[in-house]
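The values are calculated or read from the model by the stated rules, or taken from the named source; none is laboratory data. What you see is a predicted model, and the numbers here were worked out from it, not measured in a lab. When we count neighbours, we look across all protein chains shown, and the Cβ atoms used for this are built from the backbone with ideal geometry, even at glycine. Please note that ligands, DNA and RNA were not included when accessible areas were found on the heavy atoms of the full protein model with its side chains. Shrake-Rupley method; radii C 1.70, N 1.55, O 1.52, S 1.80 Å.
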Amino acid sequence: MPYTGNDIRRVEEKWQAIWAQKKTFKASVDSHKKKYYVLEMFPYPSGKIHMGHVRNYTIADVIARYKMMRGFNVLHPMGYDAFGQPAENAAIKRGVSPSEWTYRCIDDMRAGLKKMGFSYDWDRELATCDASYYRWNQWIFLKMQEKGLVYKKGSPVNWCPSCATTLANEEVSNGACWRCKNEVVQKDLEQWYLKITHYAEPLLEDLRTLNNWPSRVVAMQENWIGRSFGTDIYFRIKGADDVITVFTTRPDTIFGATYVTLAPEHPLARKLSRGTPQEVAVAAFIEKSAHISKSLRMSGDARKEGIFTGGYAVNPVNGEEVPVWIGDYVLMEYGTGAIMAVPTHDQRDFEFARTHNLPMRVVIQDPAHPSVTPQQMSKAYEESGVLVNSRQFDGVSNEDAKKNISEWIAAQKMGRLTINWRLRDWLISRQRYWGTPIPMVYCEACGIVPVPYDQLPVKLPENAPITGSGGSPLAKVKEFVDVQCPKCGCEARRETDTMATFFDSSWYFLRYCSAHNDKEIFDAKEAAYWMPVDQYIGGIEHAILHLLYARFFTKFLHDIGLVVVDEPFDRLLTQGMVLKEGEVMSKSRGNVVDPDEVIATFGADTLRVFILFAAPPEDQLEWSPAGLEGNWRFINRIWNVVENRYRPVAAGNGMPDADDKKLEFERNAAIKKVTDSMEGGFKFNTAISAVMVLMNAVDKFQVPDGAPAKQAALNKAVETAVLLMAPFIPHAAEELWQMMGKNDASVAFVAWPTYSDDALKTDTVRMAVQVNGKVRGEFEVARDADEAVLRPIVLADEGVQRHIAGKDIKKFIVIKNKLVSIVV
RNA sequence: GCCGAAGUGGCGGAAUUGGUAUACGCGUCGGUCUCAAAAACCGAUGUCCUCACGGGCAUGUGGGUUCGAGUCCCACCUUCGGCACCA
């Protein structure tokens with residue numbers, strides 16, 4: 001009977017019920033067993049699970065189940081990243097409270113996850129919107145505050161008008177909001193920040209230890225943190241006490257600095273113009289720059305607008321007085337907001353200088369044009385060369401000069417060596433309701449006061465008016481806002497912003513270690529046992545955002561002595577997207593395939609096999625109904641063999657014939673191939689194909705009536721196939737294991753099959769013969785045959801003779817058991 | 001511009017890391033079974049020349065190393081992703 005519709009549902013539901021009832025996948029600390037922590041990036045509960053979830057979690061589940069069979073003590077938890085804006089949008093649109101909507105979605109997600117048969121320890125399930133979870137967000141915030149890593153400051157921030165909230169730098173991509181894709185604007189606001197920059201160095205350096213992360217993720221984080229070594233150089237203002245500090249990575253060009261450029265926002269920009277004829281024009285220019293959006297100002301074809309301040313600065317290396325300009329291409333937020341301009345050797349400065357008719361001087365000689373004058377140049381010379389016009393450094397290569405000049409400048413106190421980071425502190429306050437309240441209180445007398453630890457959690461009130469616009473909803477909840485100052489007891493008011501939801505997900509992997517601890521954030525001993533996460537799986541979209549924040553939190557919690565490790569995720573796998581007709585599945589495109597419908601016809605096991613077989617886990621995956629059916633057929637073939645050909649038999653003890661040996665070879669080869677595929681980076685597609693090859697051999701293998709030895713050989717091969725497939729098709733595997741009369745409680749913990757190298761050594765091998773690099777023949781010869789044996793056989797062959805007849809044999813190369821290469 | 005990943009049949013993709021390129025699956029074609037169809041099973045399937053035996057050409061392009069290159073080296077091309085007026 002084929003394994004179809006109702007049958008599949010019956011079997012899958014049966015085993016899901018058994019796993020739930022017996023808590024088959026409950027994990028607990030066992031110091032005698034080696035642990036393995038498998039984690040997938042937990043979902044935002046927005047409704048039912050989709051194919052992206054299915055792929056992500058199937059990958060994780062197969063790894064978890066494989067490791068169980070390998071004897072590891074596996075922790076495989078699941079939870080919900082439950083705070084966030086969609087819940088508020090749902091509240092506005094449907095009139096349900098964010099809480100109600102979220103918990104309803106969680107129920108739907110959970111049902112979908114259970115239907116897939118994932119091996120979670122459900123006792124560790126958590127949702128970040130539970131007060132039992134977010135109180136520890138507040139706890140971490142206060143700890144960070146205690147350690148000086150939290151501050152509030154007013155400055156220009158990223159503001160998404162459509163989401164009506166601030167955004168972290170990491171949440172802005174190409175000037176657009178990561179969530180709604182609308183344009184982000186700058187706004188001056190006072191906001192809470194976490195000093196992630198305090199960890200810039202270890203966050204960058206420790207990337208080198210993450211050898212099991214995809215190199216592109218490492219590269220992306222490197223780019224994001226963006227360290228550049230350089231030199232700060234002090235330019236005194238002529239006729240004033242002020243000093244302009246410029247940052248440069250090209251101190252070798254200092255003698256070619258013919259002017260200085262300030263960002264429009266630079267504090268000295270306006271000041272320098274005071275009392276000069278430029279004063280009015282400068283004020284107008286600064287005003288104008290302030291009103292141009294950042295993305296427009298930074299856009300590719302920028303025009304290099306600027307204006308002379310009227311002031312002059314002194315180049316410390318040669319005492320030269322150079323004009324100070326304001327240029328819109330200089331950014332206040334990078335370096336010092338001021339640069340020394342070297343138009344001959346920096347393309348941007350070159351364009352600016354040409355536009356505004358500023359002086360230039362060549363200080364690095366282009367070997368191809370040794371006597372070129374600035375007037376003759378059509379662009380800046382940014383390559384290497386020898387210094388000229390640079391006094392005592394003339395004749396030095398610019399590579400050496402970088403070091404020599406910067407050290408000389410530092411020694412002369414004309415500047416100092418410095419490091420600049422691209423990474424900015426993490427803006428975490430959001431003007432939204434559905435998030436963790438920031439545990440701070442404003443008191444007239446005491447200022448900003450942290451909520452004492454024993455008053456946690458600061459609970460999110462149920463009844464805030466949510467409109468999606470017009471400031472923090474919590475500000476309108478009087479009972480929430482009004483509070484006594486924890487310090488002096490006077491009337492005070494609570495902070496009404498909530499935390500960015502990336503705060504919640506920055507440490508959830510630690511909470512899983514003791515998910516229901518209500519005394520501490522987590523049990524340090526449990527965390528010491530389970531951490532780090534051995535294998536983390538999730539989408540590439542978190543390459544910077546979540547993965548950077550989680551690393552930051554882990555380092556902080558390590559530094560305050562709570563966790564042993566200082567990197568949370570040992571191995572990282574970023575799964576590819578699921579496409580249909582070449583496009584990402586999405587509601588707006590109307591090309592989504594509902595996992596439920598697939599499960600209803602073919603079962604979760606088929607869906608799992610399809611999604612793993614169709615492409616390597618990191619690659620994009622194209623949805624294919626035909627492929628899905630092919631994978632269902634494959635499961636059916638195993639099912640049919642167990643049902644129709646597997647017969648319990650007393651171990652036969654006849655001599656194995658050639659067929660038996662062949663089957664035993666295939667069985668061992670399959671074990672080796674599947675094991676290697678799993679160990680060598682979870683190449684599920686080749687693992688499954690190896691079992692397909694084994695099943696092809698099983699199908700060909702004949703068992704005549706009354707041949708117990710042959711029956712036993714077949715049984716052994718079928719049992720192996722079921723075990724090798726067990727991580728992939730957990731429901732069918734359990735059922736088949738039972739059908740074969742095994743009485744293990746669950747196939748999930750039956751030991752992974754092992755292979756013997758002896759069985760893989762056949763008596764004879766097929767070898768190819770090449771003549772002058774081209775394959776001209778094939779031979780079946782005894783294993784390990786050497787040249788003495790091979791030479792006569794090979795040379796006698798007609799096909800080979802045809803190509804070597806009448807020619808001298810120059811070389812006769814034997815690659816044992818593989819091929820013979822003849823050169824004539 | 002800088003950094004990262006990748007280019008293999010009609011399609012998804014294999015290739016023990018320098019050793020018989022195209023495993024496995026999908027699709028297509030042919031066959032068995034059937035009144036017929038579906039399902040299932042069996043066989044064929046890179047491409048060109050040849051009735052055939054055979055042979056030529058094929059892993060983005062062009063070179064190189066080697067008895068032997070999808071794999072190593074050099075120079076390109078294309079695609080995807082990240083960063084970017086970052087001084």
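Please identify which residues in region A:43-58 have an amide N closer than 19 Å to a label point set 7 Å out from the Cα of A:Q620, following the Cα→Cβ vector. Flagged as within label range: A:51-56. Computed over all pairs of different Cα atoms, the Kirkwood value for the hydrodynamic radius of region A:406-489 is 16.7 Å.
Using the Cβ-Cβ distance between A:D758 and A:D518 with R0 set to 51 Å, the FRET efficiency works out to roughly 0.35. Normalised by 2.2 N^0.38 Å, where N is the number of residues, the alpha-carbon radius of gyration of region A:363-504 equals 2.03. How much net charge surrounds A:P532 when only other residues with a Cβ under 10 Å from its Cβ are counted (Lys, Arg +1; Asp, Glu -1)? Neighbour charge sum, excluding A:P532 itself: -3.
Let's see if you can work this out: charge +1 on each Lys and Arg Cβ, -1 on each Asp and Glu Cβ, no other charges. What is the dipole magnitude of region A:376-415 about its Cα centre, in debye to the nearest 20?
Roughly 180 debye for region A:376-415.
The loop-placed GluC sites (Glu not before Pro) in region A:529-605, going by DSSP, that have at most 12 neighbouring Cβ atoms within 10 Å of their Cβ come out as A:E581.
For A:K403, go through the lysines and keep the ones whose alpha-carbon is under 29 Å away, minus same-chain ones fewer than eight residues off. The qualifying lysines are A:K238, A:K379, A:K413. With the Kirkwood sum run over all distinct C-alpha pairs, region A:312-368 has a hydrodynamic radius of 12.6 Å.
Charging the Cβ of each Asp and Glu at -1 and of each Lys and Arg at +1, and nothing else, the dipole of region A:151-248 about its Cα centre rounds to 160 debye. In this simple spin-label approximation, A:K147 and A:I815 carry label points 7 Å from Cα along the Cα→Cβ vector, and these lie 5.5 nm apart. Subtracting the Cα-Cα distance of A:A788 and A:Q376 from their residue separation scaled by 0.36 nm leaves 140.9 nm.
Our coupling estimate for region A:180-195, obtained by passing each phi through the Karplus curve with A = 6.51, B = -1.76, C = 1.60 and θ = phi - 60°, is 10, 6, 7, 5, 9, 10, 9, 8, 8, 9, 9, 9, 8, 10, 9, 7 Hz, Gly and Pro reported as x. Placing R0 at 45 angstrom, the Cβ-Cβ distance between A:L579 and A:M740 gives a FRET efficiency of 0.70 after rounding to 0.05. Give me the Debye-computed log₁₀ of I(q)/I(0) at q = 0.22 Å⁻¹ for region A:623-732, equal point scatterers on Cα only, no solvent, two decimals. Summing over Cα pairs of region A:623-732 leads to -1.22.
Between the beta carbons of A:E780 and A:S46, assuming R0 = 60 Å, the FRET efficiency works out to 0.50 to the nearest 0.05. Among beta bridges identified by DSSP and lying wholly in chain A, the antiparallel ones come to about 75 percent.
In sequence order, region A:819-824 has phi-based couplings of 7, 10, 10, 10, 10, 10 Hz under the Karplus curve 6.51 cos²θ - 1.76 cosθ + 1.60, θ = phi - 60°, and Gly or Pro positions carry x. Model label points for A:R645 and A:D123, set 7 angstrom from Cα along the Cα-to-Cβ axis, are 4.3 nm apart. Here is the list for region A:500-565: trypsin sites (Lys or Arg not before Pro) lying in DSSP coil, each with at most 13 other C-beta atoms within 10 angstrom of its C-beta, are A:K519.
Multiplying the residue separation of A:R633 and A:E320 by 0.36 nm and removing their Cα-Cα distance gives an extension gain of 104.5 nm.
Here the Kirkwood formula puts the hydrodynamic radius of region A:297-435 at 17.6 Å, using every distinct Cα pair. Taking the alpha carbon gyration tensor of region A:742-824, multiplying each eigenvalue by 5 and rooting it gives semi-axes of 42, 12, 10 Å, largest first. Short-range pairs are left out: with C-alpha atoms under 8 Å and at least six residues apart, the relative contact order of region A:57-191 is 19 percent. The mean sequence separation of alpha-carbon pairs under 8 Å and at least six residues apart, normalised by the residue count of region A:474-609, gives a relative contact order of 17 percent. Rounded to the nearest 20 debye, the dipole magnitude of chain A is 320 debye, with +1 charges on Lys and Arg beta carbons, -1 on Asp and Glu beta carbons, and the Cα centre as origin. Seen from all directions on average, region A:71-136 presents a Cα convex hull projection of 5.7 nm².
Remark on A:A313: its backbone amide H falls under 5 Å from those of A:K238, A:V322, A:V324, a criterion applied only to residues 5 or more positions apart or on other chains, H modelled at 1.01 Å from N. Shape index of region A:357-396: Rg/Rh, with Rg the Cα radius of gyration and Rh the Kirkwood radius from the inverse mean 1/r over Cα pairs, equals 0.95. The fraction of Cα-Cα pairs per 20 angstrom bin, counted from 0 for chain A, comes to 13, 33, 30, 19, 5, 0 percent, rounded to whole percents. Our summary gives region A:359-479 a relative contact order of 14 percent, counting only alpha carbon pairs under 8 angstrom and 6 or more residues apart.
Among the trypsin sites (Lys or Arg not before Pro) within region A:608-647, those in coil by DSSP and having at most 16 neighbouring Cβ atoms inside 10 Å are A:R645. Segment A:K238..A:D559, full-extension length gain: 110.8 nm, with 0.36 nm per residue of separation and the alpha-carbon distance subtracted.
By accessible area, using a 1.4 Å probe on protein heavy atoms only, chain A has 51% of its surface on carbon and sulfur. Tally Lys and Arg at +1 and Asp and Glu at -1 over the other residues with C-beta under 10 Å from the C-beta of A:G654: what net charge comes out? Taking every Cβ under 10 Å from that of A:G654, the sum is -1.
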